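Student: Supplied in structure tokens, the structure appears directly below.
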Ligand SMILES: *Cc1c(COP(=O)(O)O)cnc(C)c1O
């Protein structure tokens, strides 16, 4: 008899986006002519930068010739040309010293943030912000590190760290001792960022408690405030307690191309049950080489082009389009009288629903009266109730139209 991994049965139905689609479908059936503007799903809308396309075309041609054909990359960590470009452009200028084999190129930050937990012991206590990108919670549920879900959808044994207006959407240090801490800045869904001082508190906590921080920096490129750290390794001592996840998905529109990377520093330690320290780097290297066989050469060539002089300018222009949208949304909603957060260092606007109505009620009002789709905050965790996420990943004309319609109904 083949038994199933019953941890998977604990998972709550992947409810958020299917439910949004269901409500849109139902609305469209009754209103077939409605011109619906989507500011809901966190996917990019601008096409790839020309420098990336050119590099990928060239790479395809190279694959067609005996002399320039490439197979598996040598050490399974990603082609060196890409890891060098990452190091020289993303880390060195910010004063972070990495060795090239501390950079692991992968197919996505989703897979890496989901997979990372498997190299850590089963009995770690996991701390996760609320609201949050659902992958961190679900991957720990699948691994059996949690109890069952209660009626709020919160799983036993996970330490939820509520993020709301009172803490500026930056989690406070927990009262209990935790071992694995997920942080995501700039944040999806709230658009919040953490200052160097706030990150230092977490790094110090992790050092004191021999904990590990899993830092998701997928939106790093959207930071506009010069004082906000882009990497957790800008904080002294973080290389001993943190793993960082990056992605080309939001940075360069690679959501359909697939390329990301993870930093596992050689100085990072975790511990055996008897308290003996173990280096994490060789363990992740072993795991990566066993369960993953690299990102296609064509894709990595495209990713490296993001760091070429032309690529940098083009990618910056694309991000500017999204951030202009974010600014427009923030200001328009502010003028109407909404309380809004985010949208300054992130492509997400997190607004407080008016008059204390629930986030799903607000969703229905926006859809039926303004034909605008956003994402109910409650879908990201119970602390997201009473909030609503709009994304700046839309065409500027649609954003303007959407804000006018919201003004009319408000
Ligand atoms: C979009 C996103 C990612 C990126 O995932 P990829 O698999 O690289 O496309 C990672 N973390 C968060 C919080 C995201 O919103």
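The values are calculated or read from the model by the stated rules, or taken from the named source; none is laboratory data. Nothing here was measured: the structure is a model prediction, and the numbers come from that model. Don't worry about glycine lacking a Cβ; one is built from the backbone with ideal geometry, like all the others, and counts go over all protein chains shown.
Student: Would you point out which residue out of 287, 267 is touching a residue at least 24 places away in the same chain (Cβ under 8 Å) and not in a loop (DSSP other than H, G, I, E, B)?
Tutor: Result of the check over 287, 267: 287.
Student: Further question on the same structure: Testing residue 80 on (1) within 22 Å of residue 312 (Cα to Cα); (2) within 16 Å of the ligand (Cβ to nearest atom), one condition comes back false. Which one is that?
Tutor: (2)
Student: Considering only residues that are assigned to a strand (DSSP E or B) and without any contact (Cβ under 8 Å) to a residue 40 or more places away in the chain, look in region 230-253 and name the one that is farthest from residue 267 (Cα to Cα).
Tutor: 244
Student: Which helices (runs of 4 or more DSSP H) does region 294-410 wholly contain that include 3 or more residues that are over 30 Å from residue 69 (Cβ atoms)?
Tutor: Ranges flagged: 309-336, 359-365, 396-409.
Student: While we're here: State whether the residues of region 91-105 include one that is modelled with pLDDT of 95 or more, away from the ligand (no atom under 16 Å from the Cβ), over 30 Å from residue 56 (Cβ atoms) and not assigned by TED's automatic domain parsing to the domain that holds residue 382.
Tutor: The answer is yes, given that some residue of region 91-105 is modelled with pLDDT of 95 or more, away from the ligand (no atom under 16 Å from the Cβ), over 30 Å from residue 56 (Cβ atoms) and not assigned by TED's automatic domain parsing to the domain that holds residue 382.
Student: Further question on the same structure: Does residue 193 satisfy the criteria of being within 26 Å of residue 138 (Cα to Cα) and either surrounded by fewer than 19 Cβ atoms within 10 Å (Cβ to Cβ) or away from the ligand (no atom under 16 Å from the Cβ) (or both)?
Tutor: For residue 193, the condition - within 26 Å of residue 138 (Cα to Cα) and either surrounded by fewer than 19 Cβ atoms within 10 Å (Cβ to Cβ) or away from the ligand (no atom under 16 Å from the Cβ) (or both) - is not met.
Student: If a residue must be farther than 23 Å from residue 391 by Cβ and surrounded by fewer than 22 Cβ atoms within 10 Å (Cβ to Cβ), how many such residues does region 168-190 contain?
Tutor: Result for region 168-190: 8.
Student: Is it fair to say residue 228 is surrounded by fewer than 21 Cβ atoms within 10 Å (Cβ to Cβ), at pLDDT 95 or above and more than 16 Å from the ligand (Cβ to nearest atom)?
Tutor: Here the answer is yes, as residue 228 does meet what is asked.
Student: Specify which of the listed residues (109, 149) is closer than 26 Å to residue 13 by Cα and within 16 Å of the ligand (Cβ to nearest atom).
Tutor: Going through 109, 149 in turn, the sole match is 109.
Student: Only residues that are over 16 Å from residue 338 (Cβ atoms) and surrounded by fewer than 24 Cβ atoms within 10 Å (Cβ to Cβ): list them for region 359-380, please.
Tutor: 360, 364, 367, 368, 371, 373, 378, 379
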